[in-house]
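The values are calculated or read from the model by the stated rules, or taken from the named source; none is laboratory data. Everything quoted here is computed from the prediction, not taken from an experiment. Cβ coordinates were reconstructed from backbone atoms using ideal geometry, including for glycine residues, and neighbour counts include every protein chain displayed.
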Amino acid sequence: MASKLAGTCEESFPPQPLRQYALLADGERGILVGPRGDFAWMCVPRWDSDAVFSTLIGGRGLYAVSPVGRYVWGGYYEHGSLIWRSRWVTGEGVVECREALAFPGDPHRAVIMRRLSAPDRPVRVRVLLEPAAGFGQDPLRRLRCDDDGVWSGHTGDLRVRWSGGARARPEGAKGSRLVMDLTVEPGRHHDLVLEIGDQALPSAPPRPGECWQATEDAWRRAVPDLAGTIARRDARHAYAVLRGLTGSAGGMVAASTTSLPERADEGRNYDYRYVWIRDQCYAGQAVATAGDVSLLDDAVRFVTARLHDDGPSLAPAYTVDGRRIPDQRTLDLPGYPGGYDLVGNQVSKQFQLDAFGEALLLLAAAARHGRLDADGRRAADIAADAIARRWQQPDAGVWELSDRYWAHSRLICAAGLRAMAGAADPGTAGGRWIALADHLVAETSARCLHPSGRWQRSPEDAGLDGSLLLPPLRGALPGNDPRTIATLRAYTEHLTEDHFAYRFRHDDRPLEAAEGAFLLCGFITALAEHQQGNEVSALRWFERNRAACGPAGLFSEEYDVSQRQLRGNLPQAFVHALMLECAARLSRPWPGP
């Protein structure tokens, strides 16, 4: 049963529309920051750990820095980083809170920095700190303050230390939260540093100035210039998001959150705090297209290790440290409004053939950049052999539906085989891979070609699907192939509206009544138009979907067109990846036919 204290926090800091959240991330974990200066979501020490701040889905645990009285909110990222500045205009004046996770992150210790400043006049703020591990089940305990005004305590198995809050007072049940009233004076700043870890903390708290400087320098090194891309500022921001979601083991989580609904009360909410092989490959190919090798190397490292470990039994997704994902369970929390309280994921029980094709495309991109070593080439052999052995088996497909002979899965495998054959050394299996790719395209054409000349989803399903635009972009067949052209024309006619794209038709309802516009498909459509030489159309698709974000520039999986709201987990990595790829590809002519 929720405590009175938890109810107070929920009433004071209720969940907000997703477009109003910003992300802080250090590669190992992330925080969603709300417009009231509230940390509504954070899992420690890893992305898939239990949350210590969980008001987003109705749990306890909160860290808020909020102005006193009436105010309006704004905020922005410092260029090329995930350093966020919350900014409020109040009746007393303007106050900013510069906030970030120390970057790059320590896998065992999160360091959260918040720096308050007021440019013109004194402004009052209230600070509330109430970490609660286990999605709110374990309140702060053993709380004490040393002679320097540094607080320390425990929540669950985690250690907590907070500096900068010397004037805070314990409140609530058994003093499980700290509250501090503060006046921020102009020309000065006030630093707050919170550490949370699963091991013993260092003997002394970090020095804020040094920590800020190190984080600024690290982001400056981490995010490339991306000169030559269109919408360069947004391209760099997309890269920063991808970097923030990528941990020291090389794995990139699909999103920072769980249980945020794609559609209210329809049961379509999932835990995306894991590494999907497909999404990781999308990101690796995107940064390679933009000319970067750092995140490409991370993606290759993670995917190569999974192929060596599991071979033809490759799972669709893993934890950030390469383990199998736990089964789904509920938390007995209210959930985000319209959603449920689910953690874990059933995806490990699925077979997704297309993951092997995407892995080959990633490894081929690395080879073209001179970044593929012997282990990577052996991983390519493993992936190609798995395709040869398993391509006739039904699979869950790109959208993780019921097992079928999905056309996209076979065609993207053909693309991966061709790409890797082109990047293979003379005398390797390249010829055999080309022959297998030809066979896959021929078999898929025989079974999944619609009478109109376009691709259809499967032998049993004559419908259109946004994923079928992707294989020609990856080289499964040429852009000028009649099947490619017919599929693009039919898709834009029947599954798009006003330059928003949908995955497939669920039923007879209008498209936007069944689900939100799928932003990944919108960016893929931009690339498909670009491949056809339709530059104006490609840019219209790019700009329309690039704008489907909130003030923090974060994309979710879906976009509710009628309400102009984000739907699903946040931020969705593969949308940022395809946005970045578009920014790179649309800046130059499409290569080849």
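Say we look at the range 170-202 and pick out the residues that are touching a Leu at 6+ places or on another chain (Cβ under 7 Å) and surrounded by fewer than 19 Cβ atoms within 10 Å (Cβ to Cβ); which of these is nearest to Pro67 (Cα to Cα)?
The qualifying residue nearest to Pro67 (Cα to Cα) is Val179.
Please enumerate the residues belonging to the range 129-139 that are outside any helix (DSSP H, G or I) and either under 9 Å from Ser54 (Cα atoms) or within 28 Å of the chain's Cα centre (by Cα) (or both).
Correct list: Leu129, Glu130, Pro131, Ala132, Gln137, Asp138.
So which residues in the range 417-447 are of a type in the set (S, T, N, Q) and either within 16 Å of Pro471 (Cβ to Cβ) or not assigned by TED's automatic domain parsing to the domain that holds Leu360 (or both), if there are any at all?
If the condition is that a residue be of a type in the set (S, T, N, Q) and either within 16 Å of Pro471 (Cβ to Cβ) or not assigned by TED's automatic domain parsing to the domain that holds Leu360 (or both), then Thr444, Ser445 are the ones that fit.
Please verify whether the range 170-189 includes one or more residues that are without any contact (Cβ under 8 Å) to a residue 24 or more places away in the chain and basic (Lys, Arg).
Among the residues of the range 170-189, not one is without any contact (Cβ under 8 Å) to a residue 24 or more places away in the chain and basic (Lys, Arg), which makes the answer no.
Within the range 274-329, can you find the residues that are part of a helix (DSSP H, G or I), within 21 Å of Gly30 (Cα to Cα) and without any contact (Cβ under 8 Å) to a residue 60 or more places away in the chain?
If the condition is that a residue be part of a helix (DSSP H, G or I), within 21 Å of Gly30 (Cα to Cα) and without any contact (Cβ under 8 Å) to a residue 60 or more places away in the chain, then Leu295, Asp298, Phe302 are the ones that fit.
Would you check if there is a residue in the range 289-300 being more than 13 Å from the chain's Cα centre (by Cα), buried (at least 24 other Cβ atoms within 10 Å of the Cβ) and of a type in the set (Val, Ile, Thr)?
Taking every residue of the range 289-300 in turn, at least one turns out to be more than 13 Å from the chain's Cα centre (by Cα), buried (at least 24 other Cβ atoms within 10 Å of the Cβ) and of a type in the set (Val, Ile, Thr).
Is there any pair with a first residue in the range 222-244 that is of a type in the set (Ser, Thr, Tyr) and a second that is part of a loop (DSSP other than H, G, I, E, B) whose Cβ atoms are under 6 Å apart and which are 6 or more apart or on different chains, and what are they?
Sorted first by the residue in the range 222-244, then by its partner, the pairs are Thr229/Ser587; Tyr239/Val223.
Just to be sure before I move on: is Glu266 at negative phi, in contact with a Gly (Cβ under 7 Å, 6 or more places away or on another chain), of a type in the set (D, E, K, R) and modelled with pLDDT under 95 in the structure I sent?
In short, no.
Could you run through the range 562-584 and say how many residues are surrounded by fewer than 24 Cβ atoms within 10 Å (Cβ to Cβ) and either within 16 Å of Gln285 (Cβ to Cβ) or more than 21 Å from the chain's Cα centre (by Cα) (or both)?
Selection size over the range 562-584: 3.
Just checking, how many residues over the range 392-423 are without any contact (Cβ under 8 Å) to a residue 40 or more places away in the chain, more than 10 Å from Leu353 (Cα to Cα) and more than 25 Å from the chain's Cα centre (by Cα)?
Residues in the range 392-423 being without any contact (Cβ under 8 Å) to a residue 40 or more places away in the chain, more than 10 Å from Leu353 (Cα to Cα) and more than 25 Å from the chain's Cα centre (by Cα): 1 in total.
Please specify each residue of the range 425-443 satisfying the condition of being aliphatic (A, V, I, L, M) and without any contact (Cβ under 8 Å) to a residue 12 or more places away in the chain.
Within the range 425-443, Ala435, Ala442 meet the criteria.
Could you grab me the full set of residues in the range 254-282 that are farther than 28 Å from Cys413 by Cα and crowded, with 24+ Cβ neighbours inside 10 Å?
Of everything in the range 254-282, those that are farther than 28 Å from Cys413 by Cα and crowded, with 24+ Cβ neighbours inside 10 Å turn out to be Ser256, Thr257, Thr258, Leu260, Asn269.
Take the residues of the range 391-423 that are in contact with a Pro (Cβ under 6 Å, 6 or more places away or on another chain) and assigned to a helix (DSSP H, G or I): which is surrounded by the most Cβ atoms within 10 Å (Cβ to Cβ)?
Ile412
Table: residues versus (1) within 13 Å of Val303 (Cβ to Cβ); (2) surrounded by fewer than 21 Cβ atoms within 10 Å (Cβ to Cβ); (3) within 27 Å of the chain's Cα centre (by Cα).
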{"site": "Gln346", "(1), (2), (3)": "no, yes, yes"}
{"site": "Ala355", "(1), (2), (3)": "yes, no, yes"}
{"site": "Ala364", "(1), (2), (3)": "yes, no, yes"}
{"site": "Ala374", "(1), (2), (3)": "no, yes, no"}
{"site": "Arg389", "(1), (2), (3)": "no, yes, no"}
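So, in the range 24-77, how many residues would count as being in contact with a Gly (Cβ under 6 Å, 6 or more places away or on another chain) and assigned to a strand (DSSP E or B)?
7
Six or more apart or on different chains, Cβ atoms under 6 Å: show the pairs whose first residue is in the range 485-512 and farther than 18 Å from Arg268 by Cβ and whose second is charged (D, E, K, R).
Ala486/Arg454; Thr487/Arg454; Ala490/Arg454; His499/Arg540; His499/Arg544
Considering Ser152, Ser117, which residue is among the hydroxyl-bearing types (Ser, Thr, Tyr), in the same structural domain as Gly30 (by TED's automatic domain parsing), over 30 Å from Ala552 (Cα atoms) and in contact with a Lys or Arg (Cβ under 8 Å, 6 or more places away or on another chain)?
Ser152
Return yes or no: is Asp225 in a helix (DSSP H, G or I), surrounded by fewer than 24 Cβ atoms within 10 Å (Cβ to Cβ) and of a type in the set (Asp, Glu)?
no
Report whether or not Gly58 is out of contact with any Cys (no Cβ under 9 Å at 6 or more places or on another chain) and either surrounded by 24 or more Cβ atoms within 10 Å (Cβ to Cβ) or more than 20 Å from Leu331 (Cα to Cα) (or both).
No.
Being polar (S, T, N, Q) and not assigned by TED's automatic domain parsing to the domain that holds Gly27 is the filter here; which residues of the range 204-236 pass it?
Thr229
Tyr559 fails exactly one of the following numbered conditions: (1) surrounded by fewer than 24 Cβ atoms within 10 Å (Cβ to Cβ); (2) modelled with pLDDT of 95 or more. What is the number of that condition?
Among (1) surrounded by fewer than 24 Cβ atoms within 10 Å (Cβ to Cβ); (2) modelled with pLDDT of 95 or more, Tyr559 violates only (1).
Is one or more of the residues making up the range 289-299 at pLDDT 95 or above, within 28 Å of Arg567 (Cα to Cα) and touching a strand residue (DSSP E or B) at 6+ places or on another chain (Cβ under 9 Å)?
So far as the range 289-299 goes, yes, one or more of its residues are at pLDDT 95 or above, within 28 Å of Arg567 (Cα to Cα) and touching a strand residue (DSSP E or B) at 6+ places or on another chain (Cβ under 9 Å).
Would you check which residues across the range 93-124 are in a strand (DSSP E or B), surrounded by fewer than 22 Cβ atoms within 10 Å (Cβ to Cβ) and more than 30 Å from the chain's Cα centre (by Cα) and list them?
Within the range 93-124, Val94, Ser117, Arg124 qualify.
Among the residues of the range 194-222, which ones are among the aliphatic types (A, V, I, L, M), within 19 Å of Gly27 (Cβ to Cβ) and not in a helix (DSSP H, G or I)?
Matches in the range 194-222: Leu194, Ile196.
Would you check which residues across the range 246-274 are of a type in the set (A, V, I, L, M) and within 23 Å of Gly335 (Cα to Cα) and list them?
Within the range 246-274, Val253, Ala254, Ala255, Leu260, Ala264 qualify.
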